[in-house]
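Below: one structure, written as C-alpha cells.
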C-alpha cells in the first residue's frame, strides 16, 4: 500500500481528477450535440410526413369532388335510373338489417 501512495502523489491525483472531469464534460457536450441533431432530424422527418399527408388529403378531396360531380351529372341525365338504383340499394339494405 505504501508503494501505491508513493507512486500517486496528491498532485497526480488532482491531475487525474481534472482529466476525468474534462472527459465527462466532453462526453456531456457530445451527447447534447447528438441529441440536438436527433431532434432536428426528427423535426425534419415529421415535417416531410406532414407534407406528404397533406398532399394525399388534397388528392383525396379532388377525387371525391370528381366523383360527386360525376354522380350529380349521371343523376341529372338519368333521373329514373338513379331512382331505381337508390330504391334497389335501400331494399337490399333493409333486407340485411332486418335479418339482424
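The values are calculated or read from the model by the stated rules, or taken from the named source; none is laboratory data. Predicted, not measured: the structure shown is a model, and the values here were computed from it. Cβ: placed from backbone, ideal geometry, glycine included. Neighbour counts: every protein chain shown.
Looking at 17, 39, which one is modelled with pLDDT of 90 or more and surrounded by 10 or more Cβ atoms within 10 Å (Cβ to Cβ)?
None of the others qualify; the one that does is 39.
Right, residue 92: under 40 Å from the mean Cα position of the chain (by Cα) and assigned to a helix (DSSP H, G or I) or not?
On the way: under 40 Å from the mean Cα position of the chain (by Cα): no; assigned to a helix (DSSP H, G or I): yes.
It is false that residue 92 is under 40 Å from the mean Cα position of the chain (by Cα) and assigned to a helix (DSSP H, G or I).
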